[in-house]
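Just below is one structure, and these are the notes that go with it.
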């Protein structure tokens, strides 16, 4: 199945694209999607491995977790939750 993954700051800068299309197996999860992204984009894998917290993931404007199943045509958004003062 095909999904379009949207990447927020600073994730998109690691691969130079604000969105990518992935071809995943049916019943793939968000975790499978992250794994495929990391396989296709080694710089993103390195960034995620060094991060203290995982990215925040939204699907249809709803916060989802890594076990959430994806379906054909889904368009999850990955953002990096940051705070400062």
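Yes or no: the range 75-83 includes at least one residue that is at pLDDT below 95, surrounded by 10 or more Cβ atoms within 10 Å (Cβ to Cβ) and closer than 16 Å to residue 3 by Cβ. Taking every residue of the range 75-83 in turn, at least one turns out to be at pLDDT below 95, surrounded by 10 or more Cβ atoms within 10 Å (Cβ to Cβ) and closer than 16 Å to residue 3 by Cβ. Look at (1) assigned to a loop (DSSP other than H, G, I, E, B); (2) out of contact with any strand residue (DSSP E or B) (no Cβ under 6 Å at 6 or more places or on another chain) and you find that residue 67 fails only one, number (2). Return yes or no: is residue 52 surrounded by 11 or more Cβ atoms within 10 Å (Cβ to Cβ), at pLDDT below 95 and over 12 Å from the mean Cα position of the chain (by Cα)? The answer is no for residue 52.
Residue-level check: of (1) within 10 Å of the chain's Cα centre (by Cα); (2) buried (at least 16 other Cβ atoms within 10 Å of the Cβ), residue 19 misses just (2).
Of the residues making up the range 27-49, those that are in a loop (DSSP other than H, G, I, E, B) and either modelled with pLDDT under 95 or in contact with a helix residue (DSSP H, G or I) (Cβ under 7 Å, 6 or more places away or on another chain) (or both) number 2.
The values are calculated or read from the model by the stated rules, or taken from the named source; none is laboratory data. Since this is a predicted model, take the numbers as computed values, not measurements. Cβ sites come from the backbone with ideal geometry, for glycine too, and all protein chains shown count toward neighbours.
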